[in-house]
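Student: I have a structure I would like to understand better, so I am pasting it below and will then ask my questions one at a time.
The values are calculated or read from the model by the stated rules, or taken from the named source; none is laboratory data. Quick caveat: nothing in here was measured; it's all calculated off a predicted structure. Don't worry about glycine lacking a Cβ; one is built from the backbone with ideal geometry, like all the others, and counts go over all protein chains shown.
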């Protein structure tokens with residue numbers, strides 16, 4: 001229903017694990033590209049071991065894996081065997097994109113340095129997404145999304161006012177690395193369409209996240225000031241916060257960007273007209289007045305009334321709220337997909353609607369090695385050869 | 001050892017983007033497309049210009065429309081045309097620019113866009129090959145399509161604020177407008193998909209990106225828990241909900257952050273603080289058991305890290321195989337040896353702001369960086385862009401006298 005078939009002719013090798021790489025390939029799949037996710041049985045995608053679990057046991061029970069890898073076909077390949085390397089060579093020759101998120105030594109160590117990849121297919125767009133970089137003093141250091149929140153400067157900006165930094169509620173740099181890589185790949189495919197040349201893209205995940213530090217660098221280098229952690233407050237807009245409402249953990253977000261919006265909110269609060277500077281000076285008092293107004297009220301009702309006045313307001317929603325939200329449902333953000341072991345289950349995303357192009361339903365994520373025979377067949381291997389490769393351990 | 005800046009690292013050269021954005025999500029999307037070579041033209045009203053020119057902080061705390069640090073950062077890598085869309089002749093000129101462009105990006109609600117004449121039908125009539133992308137708070141369909149919102153609303157509505165912070169206190173917006181950034185990134189992906197398909201002969205698509213859904217797409221696995229099991233992932237006060245340890249720890253001169261995926265890594269954390277008894281404790285073997293003992297185990301780590309310098313913990317921890325990172329302040333980010341080795345930061349200069357540092361490119365192409373252009377002054381490129389769009393000089397001068405362009 002929502003898989004926009006914009007990239008129908010594009011074939012992608014997803015040689016990645018966990019979150020960042022698989023998310024990049026997932027987005028390309030949502031746009032219609034054909035994705036082959038490559039795993040090895042003794043080092044399968046680690047997301048296969050992450051909850052929620054939808055089936056009793058085994059590698060095909062993870063809801064997280066199923067969500068990140070829908071629309072993909074899956075093969076198992078052991079690159080430590082000559083036969084496995086032969087399959088990888090043919091895959092590289094037959095594909096448009098190779099995306100991987102291992103540390104910089106892994107693919108060259110398996111016999112596939114960039115020079116060889118390029119020699120096999122000069123039109124290939126190769127996207128590597130090392131944590132720190134393919135070079136530099138930290139190139140061999142380990143990183144996961146949460147550690148990159150620190151390394152990028154983002155964690156330092158998150159937290160309650162004047163308290164210690166806090167991790168965000170998701171391993172944000174993983175997702176950032178994934179979306180950034182999907183964009184990089186598509187940009188390089190556009191260059192290829194004009195020049196015939198492939199590309200070597202390097203998305204150091206630390207840098208992809210550090211690119212999102214907003215105005216912090218300019219504030220420091222121009223004004224010699226660190227905004228620091230501000231809770232939900234804003235550098236300029238006042239008020240700008242989240243206020244408690246009636247019920248269990250129910251809150252409403254309220255933003256005033258200018259004096260006209262303040263005039264409308266002030267009338268509800270019984271507070272006078274104030275300039276931005278005056279509001280900034282009296283922020284604590286304003287926040288208390290709003291909190292008094294919202295404390296015993298329903299979050300949706302408050303948000304509705306304030307929006308009717310022209311004030312930006314919306315209740316805080318949890319993921320469970322989103323799963324039941326009529327607007328989200330009307331948009332078709334959630335789609336039910338039948339999976340051989342998990343059964344029919346609802347999956348989120350992508351966060352876009354694309355009109356004017358053909359679409360098709362999303363397909364279920366692959367069971368471990370589900371498409372090995374089919375993909376090898378397309379690469380020109382006969383049934384006998386596939387059986388021999390399997391006997392040699394090349395398809396383990 | 002800095003990276004060379006090269007035009008071949010600008011794969012979007014020749015792509016023309018008409019930018020009508022007024023929110024940070026649209027602004028960042030234009031910045032990113034421009035960074036990689038697209039010719040992004042911002043249309044602003046004459047006089048006051050884009051609304052972010054009037055949002056502080058300002059350089060030197062001097063309230064001036066060329067000195068907003070938000071505008072400086074978010075509107076880099078593009079040109080500016082001052083054009084009054086409130087007048088019919090201004091709207092006609094917008095359609096001339098729409099014929100010049102490959103992509104149009106905007107971020108207003110469907111009703112506001114229609115009121116300003118920015119309908120799909122009008123744009124498509126002007127240029128059937130134009131890819132139109134709307135980056136709205138809630139998307140262009142559904143009952144909530146006309147609700148406005150910026151970063152705080154996107155984080156509230158998209159579920160990330162509810163996941164961030166202390167469960168006993170208020171939900172928290174992540175620092176630095178991340179709800180807007182993640183929307184911009186997703187939009188850039190969808191736009192490029194539409195551009196590639198159009199160039200290959202498909203009809204020009206209309207791209208509708210929801211900020212709320214972009215945020216909901218990056219909740220790690222909270223949406224999957226909610227959809228598949230109707231289970232709520234609660235706020236964890238900075239702890240990872242599954243991996244342990246997965247949090248920030250204070251140390252002598254700052255903070256470090258650790259995220260362990262395996263028992264071996266968890267054991268190494270105690271080796272790092274010379275607590276060999278805990279390092280050998282069977283309690284560390286299973287992920288769920290580790291997390292069940294989080295409070296007592298973390299107390300030992302906190303005590304062990306407290307008097308150790310940040311960089312020592314980082315290097316010694318990495319040597320032990322621990323996924324550990326430093327928590328950079330802006331100051332220390334600028335000195336990060338890895339980022340310095342990559343020559344990551346842009347050193348900009350703006351006629352009204354002076355010298356400043358801006359974030360560098362998120363990726364390299366063939367080992368090269370794409371370059372950087374400072375944010376434009378209001379109307380800095382009006383004459384040049386109108387000329388390129390085929391508007392005669394005499395016509396431009398007349399429009400300038402009439403106050404339609406500036």
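Student: I'm trying to understand the selection: among the residues of the stretch B:337-348, which are within 7 Å of chain A (Cβ to nearest Cβ), in contact with a strand residue (DSSP E or B) (Cβ under 9 Å, 6 or more places away or on another chain) and over 22 Å from residue B:185 (Cβ atoms)?
Tutor: Within the stretch B:337-348, no residue meets the criteria.
Student: Among residues belonging to the stretch A:121-155 that are more than 7 Å from chain B (Cβ to nearest Cβ) and more than 17 Å from residue A:203 (Cβ to Cβ), point out the one that is nearest to the chain's Cα centre (by Cα).
Tutor: Per the stated criteria, the residue is A:140.
Student: Of all residues being surrounded by fewer than 23 Cβ atoms within 10 Å (Cβ to Cβ) and in a helix (DSSP H, G or I) in the stretch B:349-384, which is nearest to the other protein chains (Cβ to nearest Cβ)? Just the residue, please.
Tutor: Only one residue fits best here, namely B:384.
Student: Based on what the data block shows, is residue A:159 more than 7 Å from chain B (Cβ to nearest Cβ), in contact (Cβ under 8 Å) with a residue 40 or more places away in the chain and assigned to a helix (DSSP H, G or I)?
Tutor: Spelling it out, it is not the case that residue A:159 is more than 7 Å from chain B (Cβ to nearest Cβ), in contact (Cβ under 8 Å) with a residue 40 or more places away in the chain and assigned to a helix (DSSP H, G or I).
Student: Which of the residues that make up the stretch B:193-210 are free of Cβ contacts under 8 Å to residues at least 40 places away in the same chain and assigned to a helix (DSSP H, G or I)?
Tutor: Within the stretch B:193-210, B:193, B:196, B:197, B:199 qualify.
Student: For the stretch A:113-130, how many residues are closer than 26 Å to residue B:318 by Cβ, outside any helix (DSSP H, G or I) and touching a strand residue (DSSP E or B) at 6+ places or on another chain (Cβ under 9 Å)?
Tutor: Number satisfying all stated conditions: 4.
Student: Search the stretch B:194-203 for residues being within 7 Å of chain A (Cβ to nearest Cβ) and more than 10 Å from residue A:354 (Cα to Cα), and hand back the single one that is nearest to the chain's Cα centre (by Cα).
Tutor: Within the stretch B:194-203, the match that is nearest to the chain's Cα centre (by Cα) is B:195.
Student: Quick check on the stretch A:32-61: of everything there that is closer than 22 Å to residue A:361 by Cβ and touching a strand residue (DSSP E or B) at 6+ places or on another chain (Cβ under 7 Å), which residue is nearest to the other protein chains (Cβ to nearest Cβ)?
Tutor: Going through the qualifying residues, I end up with A:54.
Student: Turning to a different aspect of this structure: Considering A:297, A:257, A:282, which residue is in contact with a strand residue (DSSP E or B) (Cβ under 9 Å, 6 or more places away or on another chain) and away from every other protein chain (no Cβ under 14 Å)?
Tutor: A:297
Student: Among (1) crowded, with 22+ Cβ neighbours inside 10 Å; (2) at pLDDT 95 or above; (3) more than 7 Å from every other protein chain (Cβ to nearest Cβ); (4) more than 20 Å from residue A:158 (Cα to Cα), which single condition is residue B:180 missing?
Tutor: So the condition that residue B:180 fails would be (4).
Student: Ok, one more. Where in the stretch A:164-248 are there helices (runs of 4 or more DSSP H), lying wholly inside it, with at least 1 residues that are more than 7 Å from chain B (Cβ to nearest Cβ) and at pLDDT 95 or above?
Tutor: Counting at least 1 such residues, we get A:172-195, A:205-210.
Student: Residue under question is residue B:215, and the condition is that it be within 23 Å of residue B:175 (Cα to Cα), out of contact with any strand residue (DSSP E or B) (no Cβ under 8 Å at 6 or more places or on another chain), more than 7 Å from every other protein chain (Cβ to nearest Cβ) and buried (at least 22 other Cβ atoms within 10 Å of the Cβ); does it hold?
Tutor: yes
Student: How many residues does the stretch B:255-269 hold that are more than 25 Å from the chain's Cα centre (by Cα) and at the interface with chain A (Cβ under 9 Å from one of its Cβ atoms)?
Tutor: 3
Student: For residue B:325, are the conditions met, namely being touching a residue at least 40 places away in the same chain (Cβ under 8 Å), under 28 Å from residue A:127 (Cα atoms), within 7 Å of chain A (Cβ to nearest Cβ) and not in a helix (DSSP H, G or I)?
Tutor: yes
Student: Then there is this: Going through the stretch A:308-353 one residue at a time, which ones are part of a loop (DSSP other than H, G, I, E, B) and farther than 30 Å from residue A:243 by Cβ?
Tutor: A:332, A:340, A:341, A:342, A:350
Student: Suppose we filter the stretch B:267-288 for residues that are under 18 Å from residue B:239 (Cα atoms) and part of a loop (DSSP other than H, G, I, E, B); how many remain?
Tutor: Residues in the stretch B:267-288 being under 18 Å from residue B:239 (Cα atoms) and part of a loop (DSSP other than H, G, I, E, B): 1 in total.
Student: Between B:120, B:157, B:134, B:170, which is buried (at least 24 other Cβ atoms within 10 Å of the Cβ) and at the interface with chain A (Cβ under 9 Å from one of its Cβ atoms)?
Tutor: B:157
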